Amino acid sequence: MIGTENGDATVRGLADVEGFAQRCFRGTPGDAVGIELEFLVFDRADPSRQVPVDQISEALPLLPGGSAVTFEPGGQLELSGPPEDLPAAISHLLADVETARRALHDEDLVLGGMGLDPLRPPLRQLRQPRYDAMAELLGVPYGPMMMCLTASIQVNVDFGTRPVIRWERANRLGPVLSAAFANSPIVGSRPCGWMSGRQAVWLHLDPTRTHPVVWDGDPAAAWARYLMDARLMLIGGRTPRRHTPPSRATLGDWMRTPDLAGHAPTTGDLAYHATTVFPPVRPRGWLEIRYLDALHPRSWPVCVAVTSALMLDDHAADTALASAEPFADRWWQAAHVGLEDERVRRAAEDCFRAALDALPRLGAGPGLIADVDAFADRHVSTGRSPAADLLARARDTGPPLPAWLGEEVPA
């Protein structure tokens, strides 16, 4: 982990935080992509039932692509592939998702491809100090919703040789891309008023740790300020602990008043603190792009392909930014209306065209390119992000059934 090379060294001031932040932007100068997929898991016969983590884990076989299997606090399944070139990263994770999907199907379980649980109330399954502290700090209703009901696609991209450029792309394209892939319009079996209800949940959380990083040309300095201003969630170490009662103290407060935690913060504390903040784009020696809703188990490669192409390919990125720039700070609007705003829809269409032009240069095969083209025709050209399909399916079928959840029986 960045910042733990000498984890016991004291963080004495802003210069030390800025040094850590600068290291977060010094990654491998390559073009590798890592993919993390979260899925809600449902009982086919009773979709309103909470499926225990142990039941999911026991149903999963060894995955052929080598993805790591983890779980989020509410029992969401996460599959994380190793960093590879774009075609290999997608291909290997596709095999793992399909293997998981078939294995769960044999146990009458369904992988739900949406960004927000449309049926069940939040129920935390994992009990760890980190999650206890998170729940206490973030409060209701949005803390439990984020921890237990949300699912996302996270695209991790190397910084390449120009970290600032890729950082800018990831942030400034965010609202348009999140609108194009918005897929979480229902909670509690009712429309929630947002096309990306998942993104709305994040936007309503503690702004010191979930809002975008505001920067003015020096992203490392902005990241350092963000970390300084973020509230403390948990004090790391061998026996992590939280403040009791929850404190509004920030990292900057701790540095100025070491008695807040009984000792001055160390570089290890700083590195741990950085894992407890969740802006839409986070630097960790690579780019973590965190603003994308989960999609159907067969649709997520489109999201990864388009997002990666616009990060990695200079010509595609320039074209996309020219159209998306007016919406670079409109996170709330994008989450609320998705592609129903005609101006956002046109910007998304330009982004998809640019990505389609770039994908052959990145080694994408004809099947993936055809899938991106088909997604653009179905969702972008029509201004109907995947959330619109979920809303229509809910209206047509009434009570949510497995088919409404977007799962089809494997062949």
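The values are calculated or read from the model by the stated rules, or taken from the named source; none is laboratory data. Everything numeric in this text was worked out from a predicted model, so none of it was measured. Counting neighbours? That spans all protein chains shown, and the Cβs are built from the backbone with ideal geometry, glycine included. Only protein heavy atoms, including side chains, enter the accessible area calculation; ligands, DNA and RNA are left aside. Shrake-Rupley method; radii C 1.70, N 1.55, O 1.52, S 1.80 Å.
Apart from one condition, Phe20 fits all of (1) open to solvent by less than 50 Å² (accessible area, probe 1.4 Å); (2) over 19 Å from Asp229 (Cα atoms); (3) modelled with pLDDT of 95 or more; the exception is (2).
Is it the case that Gly236 is surrounded by fewer than 21 Cβ atoms within 10 Å (Cβ to Cβ) and modelled with pLDDT under 95?
no
Scanning the stretch 35-47 for residues that are surrounded by 21 or more Cβ atoms within 10 Å (Cβ to Cβ) and either in a loop (DSSP other than H, G, I, E, B) or in contact with a Gly (Cβ under 7 Å, 6 or more places away or on another chain) (or both) yields a count of 6.
If I ask for residues that are open to solvent by 80 Å² or more (accessible area, probe 1.4 Å) and under 13 Å from Gly174 (Cβ atoms), which ones from the stretch 326-338 would you list?
Just the residues of the stretch 326-338 that are open to solvent by 80 Å² or more (accessible area, probe 1.4 Å), to begin with: 329-330, 332, 336.
Asp329, Arg330, Trp332 - these are the residues of the stretch 326-338 that are open to solvent by 80 Å² or more (accessible area, probe 1.4 Å) and under 13 Å from Gly174 (Cβ atoms).
Of all residues in the stretch 148-161, one or more are at pLDDT below 95, open to solvent by 20 Å² or more (accessible area, probe 1.4 Å) and closer than 22 Å to Ala21 by Cβ. Filtering the stretch 101-121 down to residues that are over 21 Å from Thr307 (Cα atoms) and within 20 Å of the chain's Cα centre (by Cα), which residue is surrounded by the fewest Cβ atoms within 10 Å (Cβ to Cβ)? Looking at the filtered set, the residue picked out is Leu111.
Restricting attention to the stretch 346-373 and to residues that are of a type in the set (Lys, Arg) and free of Cβ contacts under 8 Å to residues at least 40 places away in the same chain, the residue that is surrounded by the most Cβ atoms within 10 Å (Cβ to Cβ) turns out to be Arg353. Before we move on, is Ala180 open to solvent by less than 20 Å² (accessible area, probe 1.4 Å), modelled with pLDDT of 95 or more, more than 19 Å from Thr275 (Cα to Cα) and within 17 Å of the chain's Cα centre (by Cα)? Criteria met by Ala180.
Residues in the stretch 273-300 that are among the aromatic types (Phe, Trp, Tyr), over 28 Å from Ala261 (Cβ atoms) and out of contact with any strand residue (DSSP E or B) (no Cβ under 6 Å at 6 or more places or on another chain): Tyr291 only.
Residues that are touching a Ser or Thr at 6+ places or on another chain (Cβ under 9 Å) and part of a loop (DSSP other than H, G, I, E, B) were ranked within the stretch 67-82; the one that is surrounded by the fewest Cβ atoms within 10 Å (Cβ to Cβ) is Pro82.
Taking helices (runs of 4 or more DSSP H) as the structural unit, those lying wholly within the stretch 261-367 and holding at least 2 residues that are closer than 30 Å to Ala21 by Cα correspond to 267-274, 300-312, 314-324, 331-337.
Each residue in the stretch 241-256 was checked for being modelled with pLDDT of 90 or more and out of contact with any Leu (no Cβ under 7 Å at 6 or more places or on another chain), and 3 pass.
Looking at the stretch 48-64, can you tell me whether even one residue there is open to solvent by less than 20 Å² (accessible area, probe 1.4 Å), at pLDDT below 95 and of a type outside the set (Phe, Trp, Tyr)? No, the conditions are met nowhere in the stretch 48-64.
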